[in-house]
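> Pasting a structure below so you can have a look.
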Amino acid sequence: MNQPAIDPTTYAELQATAGADFVLELVDAFLDETPGMMSALRSARATADAAGFRRAAHSIKSNANTFGAHTLAAMAREFELRGLDADPPPDDAAIDALQAELDRATAALTGLRDG
Amino acid sequence: MAESGARLLVVDDNKVNRLLLARGLEMQGHRLALAENGRVALAMLRSEPFDLLILDIEMPEMDGFEVLEQLKTDRRLYDLPVIVTSSVEGLANIVRCIELGAEDYLSKPVNAVLLKARVSASLEKKRLRDQQKDLVRRFATSEVAQDLQQSGFSLGGRRITATVMFSDIRGFTTLVEQQSPEETIELLNAYYALMFDAISGQGGVVNQMIGDGLMAIFGAPLPLADHGAAAVRAALEMTEMIELLNAERVAAGKPPIAIGIGIATGEVVAGYTGTQARATYTCIGDTVNLAARLEAHTKVAQHAVLIDGPTRACLDGAVPIDALEAVQFKGKAQPVEVFALRVG
């Protein structure tokens with residue numbers, strides 16, 4: 001994990017185009033929404049809901065991209081592309097790894113927000 | 001800025017995306033509304049006007065593809081410009097959006113500068129389209145414009161059952177001689193404004209204006225369930241409008257005017273006549289001739305509104321009617337039953 005959880009250049013660009021105050025609001029939305037997406041991903045896997053699984057992965061990817069959470073985005077994209085019938089299928093370890101990367105991005109964003 | 005103050009709808013299930021897109025567009029001076037899925041978005045589009053739709057693809061309940069499909073089949077929404085913003089994977093999905101009618105595709109995260117340029121371009125295109133539509137409407141009535149938009153233009157007619165109305169101002173020539181041309185134009189404009197309101201208010205279409213006369217069709221180019229009764233309602237309203245206009249004219253020291261209206265119902269041939277370059281929507285046939293004859297006959301019969309038997313058969317008895325003597329009109333083999341509306 002040598003890449004920063006949040007790419008400082010992307011984050012700075014976001015602040016420049018949308019306004020620093022507004023980005024704080026956006027960070028709050030990210031912190032509010034992503035835990036729900038993670039649990040949607042887990043329950044979709046548990047119930048073999050392929051479309052739900054793909055959609056949850058897609059949402060995590062999309063949110064990660066906005067803030068420059070490149071590693072998180074790449075991991076979520078893998079889930080989205082490969083889906084539930086990947087070989088080997090996504091296991092607990094893979095989901096936990098995604099969770100860990102999300103936690104890292106969350107911590108970094110919280111740090112940036114509370115500056 | 002041409003696009004200033006446009007009304008945009010952003011549809012995205014993802015709150016971060018929704019907020020970010022809205023922020024960027026608000027900073028451009030647009031007014032924004034937000035929806036979290038396709039179903040909510042369609043309901044909003046059907047209840048209030050928007051200039052542009054910014055649409056996500058991957059959404060629960062109703063996805064972007066389905067929204068695009070629904071827009072295509074909705075007469076009032078099919079030309080609403082749509083910009084798809086998505087991080088959906090695969091070229092095939094992007095192609096599908098464009099094929100379903102999306103104007104543009106932007107991948108997420110959306111670049112703010114690119115978004116601004118695409119939104120401006122889409123709004124400009126919409127403005128030109130609207131301008132064109134307005135122009136067609138001004139010269140062709142909205143029903144004909146709609147018919148043209150839906151079926152395209154082709155010369156030729158089709159047989160339909162409709163009601164035709166002719167109306168003109170009694171003693172117009174004498175009136176013209178007594179007043180200045182400016183006064184005549186003013187009178188005609190007031191007269192046409194009132195008559196158009198009464199006719200289109202009942203679903204009729206004025207398709208010809210010649211001097212002080214006009215021809216209106218009920219039931220073409222778009223079908224109208226009770227065309228006969230609608231034409232009679234319009235005629236009653238027209239005579240009321242003329243009474244109001246006369247009250248104003250008399251108060252201003254001008255002579256009152258009187259109108260004559262003839263209405264006939266039956267088969268007509270309706271369609272575009274003219275040339276490929278210049279054409280007009282019109283109706284021809286016996287029914288049209290009869291309506292014109294009835295209108296001319298109002299002078300002789302001393303009744304403001306005359307209708308034929310088939311039109312009378314469309315009425316439910318709520319309108320008081322007098323049966324007049326049958327008339328042998330020029331060009332008709334048999335005498336025609338004539339009925340007068342009791343007005344005033």
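The values are calculated or read from the model by the stated rules, or taken from the named source; none is laboratory data. Keep in mind it's a predicted model, so treat the numbers as computed, not measured. Neighbour counts run over all protein chains shown; Cβ positions are idealised from the backbone, glycine included.
> Please report, ordered by residue number, the helices (runs of 4 or more DSSP H) entirely within segment A:6-81 with at least 3 residues that are more than 11 Å from chain B (Cβ to nearest Cβ).
On the way: elements: A:8-18, A:20-46, A:50-67.
Of the helices (runs of 4 or more DSSP H) lying wholly inside segment A:6-81, those with at least 3 residues that are more than 11 Å from chain B (Cβ to nearest Cβ) span A:8-18, A:20-46.
> Among (1) without any contact (Cβ under 8 Å) to a residue 24 or more places away in the chain; (2) part of a loop (DSSP other than H, G, I, E, B); (3) closer than 18 Å to B:F172 by Cα, where does B:N246 come up short?
Failing condition for B:N246: (2).
> Does A:L41 satisfy the criteria of being of a type in the set (A, V, I, L, M), at pLDDT 95 or above and farther than 15 Å from B:K108 by Cβ?
Values: of a type in the set (A, V, I, L, M): yes; at pLDDT 95 or above: yes; farther than 15 Å from B:K108 by Cβ: yes.
Considered against the rule, which asks whether it is of a type in the set (A, V, I, L, M), at pLDDT 95 or above and farther than 15 Å from B:K108 by Cβ, A:L41 comes out as yes.
> Sticking with this structure for a sec: Taking segment B:166-213 as the search range and keeping residues that are closer than 22 Å to B:V250 by Cβ and assigned to a strand (DSSP E or B), which one is farthest from the chain's Cα centre (by Cα)?
B:R170
> Further question: Name the one entry in B:L21, B:L71, B:L45 that is under 23 Å from A:L14 (Cα atoms) and either of a type in the set (A, V, I, L, M) or in a strand (DSSP E or B) (or both).
Numbers: B:L71 fails: under 23 Å from A:L14 (Cα atoms); B:L45 fails: under 23 Å from A:L14 (Cα atoms).
Testing whether each residue is under 23 Å from A:L14 (Cα atoms) and either of a type in the set (A, V, I, L, M) or in a strand (DSSP E or B) (or both) leaves just B:L21.
> Looking only at segment B:293-344, which residues are under 28 Å from B:A247 (Cβ atoms), among the small types (G, A, S) and surrounded by fewer than 15 Cβ atoms within 10 Å (Cβ to Cβ)?
Across segment B:293-344, the qualifying residues are B:A318, B:G344.
> Can you name the residue in segment B:214-224 that is surrounded by 14 or more Cβ atoms within 10 Å (Cβ to Cβ) and out of contact with any helix residue (DSSP H, G or I) (no Cβ under 8 Å at 6 or more places or on another chain) and, of all such residues, is nearest to B:T163 (Cα to Cα)?
If we take residues in segment B:214-224 being surrounded by 14 or more Cβ atoms within 10 Å (Cβ to Cβ) and out of contact with any helix residue (DSSP H, G or I) (no Cβ under 8 Å at 6 or more places or on another chain), then B:I217 is nearest to B:T163 (Cα to Cα).
> In segment B:14-50, which residues are more than 14 Å from every other protein chain (Cβ to nearest Cβ) and not hydrophobic (A, V, I, L, M, F, W, C)? Outline the logic, then answer.
From segment B:14-50, those more than 14 Å from every other protein chain (Cβ to nearest Cβ) are B:29-31, B:33, B:35, B:39-50; that's our starting set.
Those that are more than 14 Å from every other protein chain (Cβ to nearest Cβ) and not hydrophobic (A, V, I, L, M, F, W, C): B:G29, B:H30, B:R31, B:R39, B:R46, B:S47, B:E48, B:P49.
Residue by residue, here is whether (1) among the β-branched types (V, I, T); (2) farther than 17 Å from B:S86 by Cα; (3) surrounded by fewer than 22 Cβ atoms within 10 Å (Cβ to Cβ) holds:
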site	(1), (2), (3)
A:A16	no, yes, yes
A:H58	no, no, no
A:N63	no, no, no
A:L72	no, yes, no
A:R82	no, yes, yes
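> I need a count of the residues in segment B:172-206 that are exposed (fewer than 13 other Cβ atoms within 10 Å of the Cβ) and touching a residue at least 60 places away in the same chain (Cβ under 8 Å).
Number of matching residues: 1.
> Within segment A:93-115, how many residues are farther than 25 Å from B:E58 by Cβ and over 13 Å from the mean Cα position of the chain (by Cα)?
7
> For the subset of segment B:95-116 comprising residues that are part of a helix (DSSP H, G or I), of a type in the set (A, V, I, L, M) and closer than 17 Å to B:L53 by Cβ, which member is farthest from the other protein chains (Cβ to nearest Cβ)? Reasoning before the result, please.
Filtering segment B:95-116 for residues part of a helix (DSSP H, G or I) gives B:95-99, B:112-116.
So of that shortlist, the ones also of a type in the set (A, V, I, L, M) come out as B:95, B:98, B:112-115.
From the residues that got through so far, the ones that are closer than 17 Å to B:L53 by Cβ too are B:98, B:115.
Details: B:I98: 20, B:L115: 10 Å.
Applying the filter and picking the extreme gives B:I98.
> Turning to a different aspect of this structure: Looking only at segment B:43-61, which residues are closer than 21 Å to B:V16 by Cα and crowded, with 18+ Cβ neighbours inside 10 Å?
B:L52, B:L53, B:I54, B:L55, B:D56, B:I57, B:E58, B:M59, listed by residue number.
> From the residues in segment B:51-68 that are assigned to a loop (DSSP other than H, G, I, E, B), out of contact with any Phe, Trp or Tyr (no Cβ under 8 Å at 6 or more places or on another chain) and of a type in the set (A, V, I, L, M, F, W, C), which one is nearest to the other protein chains (Cβ to nearest Cβ)?
Of all residues in segment B:51-68, those assigned to a loop (DSSP other than H, G, I, E, B) come to B:51, B:56-63.
Cutting the leftovers down to out of contact with any Phe, Trp or Tyr (no Cβ under 8 Å at 6 or more places or on another chain) gives us B:51, B:56, B:58-63.
Right, trim to of a type in the set (A, V, I, L, M, F, W, C) and you get B:59, B:62.
Working: B:M59: 8, B:M62: 13 Å.
So the residue we want is B:M59.
> Touching a residue at least 12 places away in the same chain (Cβ under 8 Å), more than 14 Å from chain A (Cβ to nearest Cβ), under 24 Å from A:T66 (Cα atoms) and surrounded by fewer than 16 Cβ atoms within 10 Å (Cβ to Cβ): is that true of B:R76 in this structure?
Values: touching a residue at least 12 places away in the same chain (Cβ under 8 Å): yes; more than 14 Å from chain A (Cβ to nearest Cβ): yes; under 24 Å from A:T66 (Cα atoms): no; surrounded by fewer than 16 Cβ atoms within 10 Å (Cβ to Cβ): yes.
So B:R76 fails the test.
> So, B:I217, is that one touching a Cys at 6+ places or on another chain (Cβ under 6 Å), in the same structural domain as B:V319 (by TED's automatic domain parsing) and among the β-branched types (V, I, T) or not?
Values: touching a Cys at 6+ places or on another chain (Cβ under 6 Å): yes; in the same structural domain as B:V319 (by TED's automatic domain parsing): yes; among the β-branched types (V, I, T): yes.
Criteria met by B:I217.
> Let me ask something else. Answer yes if at least one residue in segment B:146-163 is part of a helix (DSSP H, G or I), modelled with pLDDT of 85 or more, more than 13 Å from the chain's Cα centre (by Cα) and buried (at least 17 other Cβ atoms within 10 Å of the Cβ), and no otherwise. Quick ask: steps written out before the conclusion?
Step one: of segment B:146-163, the residues part of a helix (DSSP H, G or I) are B:146-151.
Narrowing further to those that are modelled with pLDDT of 85 or more: none.
No: zero hits.
> If you check B:V113 against the conditions, is it modelled with pLDDT of 90 or more and out of contact with any strand residue (DSSP E or B) (no Cβ under 6 Å at 6 or more places or on another chain)?
Values: modelled with pLDDT of 90 or more: no; out of contact with any strand residue (DSSP E or B) (no Cβ under 6 Å at 6 or more places or on another chain): yes.
For B:V113, the condition - modelled with pLDDT of 90 or more and out of contact with any strand residue (DSSP E or B) (no Cβ under 6 Å at 6 or more places or on another chain) - is not met.
> Within the group B:T287, B:T282, which residue is surrounded by 15 or more Cβ atoms within 10 Å (Cβ to Cβ) and not in a strand (DSSP E or B)?
Numbers: B:T282 fails: not in a strand (DSSP E or B).
Sole residue among the options that is surrounded by 15 or more Cβ atoms within 10 Å (Cβ to Cβ) and not in a strand (DSSP E or B): B:T287.
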